[in-house]
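Accompanying notes for the structure given below.
Any read-out appearing in this document is the output of simple, stated calculations on the displayed coordinates, not a laboratory observation. Just so it is clear, the structure is predicted and the values come from calculations on it, not from any experiment. Cβ placement follows ideal geometry from the backbone for every residue including glycine, while neighbour counts extend to all protein chains displayed.
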Amino acid sequence: SGQSGPTLVRVSKSANTLGIAVEGGANTRQPLPRIASIQKGGSAHLCGQLRVGQVILEVNGMSLKGMEHRDAARVIAEAFKTKEKDYIDFLIADFN
Amino acid sequence: REKRLTLPPSEITLL
């Protein structure tokens, strides 16, 4: 079967919220942040390329490997808040 | 006896 490697997903900031719940981080059962849910109407939902269960490896080129949950969540939140870019680049892995 | 370390579940953050 086609083992696809990590995928780069560009999420435009098309809504007021990113609209994902993330679970996981260093020193927990889920070592890398995983998408736990996607809220309707959020930027992630409107983008349509993110799926529940996908693992976020990088945000705008910054690796989340080894980061505690709160630090990883802060990186994602700040990437969405910043006015420098009107999108966020997620490097995503499909671990099932 | 080797003590089995069980990792804690993670928090969930809404973004």
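Here are the numbers:
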item	result
Expected-Rg normalisation [2.2 N^0.38 Å, Cα atoms] applied to chain A	1.00
Under-5 Å amide H pairs with A:Glu68, H placed in peptide plane, nonlocal only	A:Ala26
5 angstrom amide H check on A:Gln30, placed H, neighbours 5+ away	A:Gly25, B:Ser10
Phi-based couplings in Hz for region A:6-11 (Karplus 6.51, -1.76, 1.60; Gly and Pro marked x)	x, 10, 8, 10, 9, 9
Vicinal HN-Hα couplings computed from phi for region A:23-28 (Karplus, 6.51 cos²θ - 1.76 cosθ + 1.60; Hz; Gly/Pro x)	10, x, x, 4, 6, 10
Rounded to whole Hz, the Karplus (6.51, -1.76, 1.60) HN-Hα couplings of region A:63-80, x for glycine and proline	6, 9, 4, x, 8, 5, 4, 5, 5, 5, 5, 5, 4, 5, 4, 5, 5, 7
Sequence of A:Leu8, A:Leu50, A:Leu91 once ranked by neighbouring C-beta atoms within 10 Å, starting from the fewest	A:Leu8, A:Leu91, A:Leu50
Mean ellipticity per residue at 222 nm, deg cm²/dmol - from DSSP H runs of n ≥ 4 across chain A, formula -39500 (n - 2.57)	-5500 deg cm²/dmol
Along each principal axis, Cα extent of region A:13-56, largest first, Å	33, 17, 13
